[in-house]
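The values are calculated or read from the model by the stated rules, or taken from the named source; none is laboratory data. On a predicted model such as this, the values are computed, not experimentally measured, just so you know. In this analysis, Cβ positions are derived from the backbone assuming ideal geometry, glycine residues included, and neighbour counts consider all displayed protein chains. Please note that ligands, DNA and RNA were not included when accessible areas were found on the heavy atoms of the full protein model with its side chains. Shrake-Rupley method; radii C 1.70, N 1.55, O 1.52, S 1.80 Å.
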Amino acid sequence: MSKIAFIFPGQGAQAAGMGQDFYEQTETGKAIFDKASEILGFSMPELCFEKNDRLDITEYTQPAMVTASIAMMKVFIERTGVRPDAAAGLSLGEYPAMVAAGVMSPEDAIRTVRQRGILMQEAVPAGLGSMAAVLAMDASEIEKVIAPIEGVQIANYNCPGQVVISGKKEAVAEAADRLKEAGAKRVLPLKVSGPFHSAMLAEAGEKLYEVLEDVTLSEPAVPYVANVTADYVTKKEDVKPLLKSQVSSSVRWEQSIRRMLADGIDTFIEIGPGKTLTGFMKKIDKNAKAMNIEKLEDIEKVKEALGC
């Protein structure tokens, strides 16, 4: 019998129209989007489905992504009866993962990530920080090359051959030059609104911790893997400190997947816009079964693949 993990993408996967068919064609999906609108005081369907500039701004992107992912997950469970043995999410995706694990309510996840987005947006003035993807270089080599450079760190361990660095603009530029000299195939600047998962966002993490004081958590019904530790969270008292650290710490995604693989998880269902995590899975372990739910029609395909 398969052991299944639900995995949720981060902010980079957002796309206009995400979750529209779930909103328009299912009562459950519509209820999640409408609840988000009620909580946040603006129209979530309008934000996600109509052309606008706000979807590129992290304070809007974050609640939009989380709303869409939760709606997709709820409809998937409702139509298949499939529940996860574990959950994980890349960066922002950790919030719907906590909903999947029963740790946080959908309402609190949506409300919290809206504040998280605002705090991250305000933490660093525009133009002071940047991020870059380093391709075709071993993570341990990247760590060695950037170690002497102050103000830059690894933001994401995505998969073999793809690591993201983040920090002060000048430090990231210097790191990019040194990494290319050391043999990196390419170092690509990323179009982002801040140096996410770097020490420059530590203050945002502290302020997020204050926001989290008002959030009620439950003990995990199923374990989820935290970005910061790449290990299972099994106690609710560990959740808030980890979420505080997550904002300015490396996302250990590859390590998180390997942790679940080692525990016997053999099937990964990516729930949310895009197929980014499914792509990473092919590079982490090509033998693991990975599939994604992005459109309503994908549910039937996954259902058939799972034999349920």
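Looking at region 178-207, which trypsin sites (Lys or Arg not before Pro) are in a loop (DSSP not H, G, I, E or B) and have at most 14 other Cβ atoms within 10 Å?
K185, K191
Per residue, how much accessible area does the chain show when a 1.4 Å probe rolls over the protein heavy atoms, in square angstrom?
With the other protein chains kept in place, the chain gives 43 Å² per residue.
Probe radius 1.4 Å, ligands and nucleic acids ignored: give me the carbon and sulfur share of the accessible area of the chain as a rounded percent. Intermediate values should be presented prior to the final figure.
On the way: 6210 of 13300 Å².
Answer for the chain: carbon and sulfur cover 47 percent of the accessible area.
Using amide H atoms built in the peptide plane, which far-off residues or other-chain residues are under 5 Å from A155 H to H?
Excluding prolines and chain starts, which carry no amide H, the hits are V164, I165, S166.
For the chain, what are the DSSP H helices with axial Cα length of 27 Å or more and mean Kyte-Doolittle hydropathy of at least -1.0?
Answer set is 58-80.
Please compute the length gained on full extension between D177 and K30, using 0.36 nm multiplied by the number of residues separating them and subtracting their Cα-Cα distance.
That works out to 48.1 nm of additional length.
Could you calculate the FRET efficiency of A15 with E122 from 1/(1 + (r/R0)^6), where r is the beta carbon distance between them and R0 is 25 Å, rounded to 0.05?
The calculated FRET efficiency here is 0.50.
As an exercise, use a Förster radius of 45 Å and the Cβ-Cβ distance of E141 and E203 to find the FRET efficiency, rounded to the nearest 0.05.
With R0 = 45 Å, the Cβ-Cβ based efficiency is 0.90.
According to a simple spin-label model (label point 7 Å from Cα along Cα-to-Cβ), what is the distance in nm between E78 and E219?
Calculated label separation equals 3.0 nm.
Check the straight Cα-Cα distances from K244 and name the lysines below 29 Å, setting aside those fewer than 8 residues away within the same chain.
K35, K74, K144, K168, K169, K191, K207, K235, K236, K275
Once you've got the GNM for the chain with C-alpha springs shorter than 10 Å, pick whichever of V222, V82, V187 has the biggest mean-square fluctuation.
Taking springs between Cα atoms under 10 Å, the residue moving most is V82.
Quick one: 3J(HN,Hα) in Hz for region 11-16, Karplus 6.51/-1.76/1.60 with θ = phi - 60°, rounded, Gly and Pro as x.
Calculated HN-Hα couplings, in order: 4, x, 8, 4, 8, 4 Hz.
With charges set only on the Cβ (+1 for Lys and Arg, -1 for Asp and Glu), what does the dipole of the chain come to about its Cα centre, in debye to the nearest 20?
720
If one puts a single equal scatterer on every Cα of region 125-181 and applies the Debye formula without solvent, what log₁₀ I(q)/I(0) results at q = 0.13, 0.22, 0.23, 0.28 Å⁻¹?
Debye output, listed in q order: -0.27, -0.75, -0.81, -1.17.
What's the FRET efficiency of K236 with A262 using the Cβ-Cβ distance as r and R₀ = 30 Å, to the nearest 0.05?
That pair, K236 with A262, gives E of 0.80.
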